[in-house]
Amino acid sequence: MVKPKSTVPSKIREHTRFYPYFKDCVGAIDGTHIPATVKGRDVSSYRNHHGKISQNVLAACNFDLEFIYVLSGWEGSAHDSKLLHDALSRRNGLKFPIEPNDESPSSLLTQEIEENNFEELLESQEQ
C-alpha cells in the first residue's frame with residue numbers, strides 16, 4: 001500500500017465542474033469479493049449473493065489506482081455497509097496518513113496522524 005498524496009489531481013483541479021465536489025477527495029472506496037476456500041460449518045456464511053464462496057474485501061485506491069487502504073477477512077455474505085461500518089469503528093477509523101500540502105487544509109483525512117505513525121497504522125489495519 002502507498003501513502004496517499006494530498007495534492008488535487010490535475011483532472012479535478014483544472015475542471016470547474018469537478019473541483020467543488022472532489023477537491024478534498026484522495027481516492028475511491030469499494031467492496032469486492034475474492035474467491036475463498038472454506039471448509040466445515042463456516043461455508044454457508046462465506047457464500048455470497050451469487051452463491052459463490054468468497055471473502056468480502058473493502059479497499060480504497062488513489063487516483064493512480066494504488067491501494068491506500070484494505071480491510072479483508074469478512075465473510076462473503078457480509079454486506080459492503082457492514083465492512084464500511086467496521087472500518088469506521090476501528091481505533092484509527094477509516095483514516096490514513098496523507099502527505100501534508102497547503103492546497104487542502106480542510107482535508108477530512110488525517111492530517112492529525114503524523115508520517116512516522118504510518119507503519120503503526122498499517123499494522124492496526126491488519127488486525
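Enumerate the amide H contacts of Trp74 below 5 Å, restricted to partners 5 or more residues apart or on another chain; note that Pro and chain-start residues carry no placed amide H.
HN-HN under 5 Å from Trp74: Asn56.
Given labels modelled 7 Å from the Cα in the Cβ direction, how far is it in nm from His15 to Ser72?
Here the answer is 3.2 nm between the modelled labels.
How much length is gained if the chain between Leu84 and Thr7 is pulled fully straight, taking 0.36 nm per residue apart and subtracting their Cα-Cα distance, in nm to one decimal? Before the final figure, lay out each step's value.
Working: separation 77, 0.36 × 77 = 27.72 nm, distance 2.49 nm.
Full extension from Leu84 to Thr7 adds 25.2 nm.
Past 29 Å, Cα to Cα, is the threshold; run Lys11/Lys52; Lys52/Lys82; Lys52/Lys95 against it and keep the listed order. Present the calculation step by step, with values, prior to reporting the outcome.
Values: Lys11/Lys52 38 Å; Lys52/Lys82 19 Å; Lys52/Lys95 31 Å.
Long pairs (Cα-Cα over 29 Å): Lys11/Lys52; Lys52/Lys95.
Coordinate-derived values only; no laboratory data. Computed from a predicted model, the values in this text were never measured in an experiment. Note that we place each Cβ from the backbone using ideal geometry, even for glycine, and neighbour counts take in every protein chain shown.
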